[in-house]
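In what follows, a structure is listed as structure tokens, so that the remarks can point back to it.
Laboratory data are not the source of any read-out in this text; all were calculated from the coordinates shown. Small disclaimer: the values here were computed from a predicted structure and weren't measured. Every residue, glycine as well, gets a Cβ built from its backbone with ideal geometry; the counts of neighbours run over all protein chains shown.
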Amino acid sequence: MDTVPHRIINATAPVRICDLGGWTDTWFAEQGAVLNIGVYPYAEVQLFVRPGGASDTRDIVVHAENFGDRYALPMPIEYDKHPLLEACLDIMDLPENLALEVNLFSIAPPGGSTGTSAAISVALLGALDLLTPGRMTPHEIAAMAQRVETKKLGLQCGIQDQLCSAYGGICFIEMYDYPNASVSQIWLPNSLWWELERRLVLVYLGRSHASSEVHGKVIEKFERQGADKSALEPLRRAARAGKDALYLGDFDAFGRAMIDNTDAQRALHPALVSQDADAVIELARRHKAVGWKVNGAGGEGGSVTVLCGPENEHKRAFIKAVAELSPAFRVLPTYLSRFGLRQWECCAAE
């Protein structure tokens, strides 16, 4: 900023991988069960706040660092350059007479099927929450982030990504009446936590997922009146089986739940498991992995979570082989996130 900020507000939120039961957290599923895992790298938001000029105006500058975009928002806010960010700023009842610079960044690639946009939304709303009267709970912030996508932007959007970013850790989400859900965090002994973290590998397939046409076909099938929704039940079962396996410390059973979920995604539409994803899955199988999950809803691009076996050498050989399989593929380092949304203020000027 051109002048010293009066306040600096920070917020971070993890992305999610290995979302067993995805597709069942949607409006057309009505009821759902999802198990997902919050991981770093997280989305980062920083607000630089200083008093504004006229008493009835706001001066807001957005710096979307990953895209190299820096621009002043018009008032009233228009959803133009980065609609998700702009809608988050619009939905909050921010004080007037405010000059605000919003910096946003994430190491996780956009469109990686790891809920990066939800993590950015949760972190941004969490940071803005420190500027408004009262405080929202993480669950309330997740719900607002989901409303931004569905109500403000009119997008198809489930609920699991926002909840995982808000809560962090390993979340078992039971959606009892869309979009209402309960969230139970799966607490594991350190030895199991460390072993799960050691075994998981996230493979980015080199490009943002681009599957709106395929997703539209799946949604169209389920939204018809009287539609047969039995194909969603194997996804719910995979989430519950994954939860039980983690509590037992049974990594082979957890891997089977991941595979069952990926097979259930393929059954929804064959294109939800792309040729690139299949190539990574076959490579993982050859290197003695015990599980694999196409992240998110699936389709072209995105990413795959792989659960390796107990031998470190096989994991290292798999990671090396990924780079040889395609120069576009990348293994993204991840660490399990014990925390979800974090908000704090620092460095306030005198």
Sum -39500 (n - 2.57) across every DSSP H segment of at least 4 residues in the chain, then divide by the residue count to get the 222 nm mean residue ellipticity, nearest 500.
-> -11000 deg cm²/dmol
Between Lys151 and Asp278, Cβ-based FRET efficiency (R0 30 Å, step 0.05) works out to 0.25
Taking only pairs that are 8 or more places apart or on different chains, how many Lys pairs in the chain have Cα atoms under 24 angstrom apart?
-> 18
Sorted largest first, extent of the range 111-265 alpha carbons per principal axis (Å) | 46, 43, 35
What is the spin-label model distance, in nm, from Arg338 to Leu131 if the labels are put 7 Å beyond Cα along the C-beta direction?
-> 3.2
Length-normalised contact order of the chain, Cα under 8 Å, at least 6 apart, in percent, tallies to 27
Potential extension, Arg198-Glu140 segment - 0.36 nm per residue separation minus Cα distance | 17.7 nm
May I ask you to list, by number, the DSSP H helices of the chain whose Cα span along the axis is at least 27 Å and whose average Kyte-Doolittle hydropathy reaches 1.0 or more?
-> none
Spin-label zone in the range 290-330 - amide nitrogen under 13 Å from a point set 7 Å from the Cα of Glu213 along the C-beta vector = 300
Contour minus Cα-Cα span, Arg240 to Arg286, at 0.36 nm per residue, comes to 13.8 nm
Going by the alpha-carbon gyration tensor, a ≥ b ≥ c the square roots of its eigenvalues, is the chain rounded (a/c under 1.5) or, if a/c is not under 1.5, prolate (a/b greater than b/c) versus oblate?
-> prolate
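Working from the pairwise distances between different alpha carbons, so that the mean of 1/r is found and then inverted, what is the range 307-346's Kirkwood radius in Å? Could the numbers behind the result be given before it?
Working: mean 1/r = 0.0766 Å⁻¹.
It works out to 13.1 Å.
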On full extension of the chain, what length is gained from Ser191 through Ala227, given 0.36 nm per residue of separation minus the C-alpha to C-alpha distance?
-> 8.5 nm
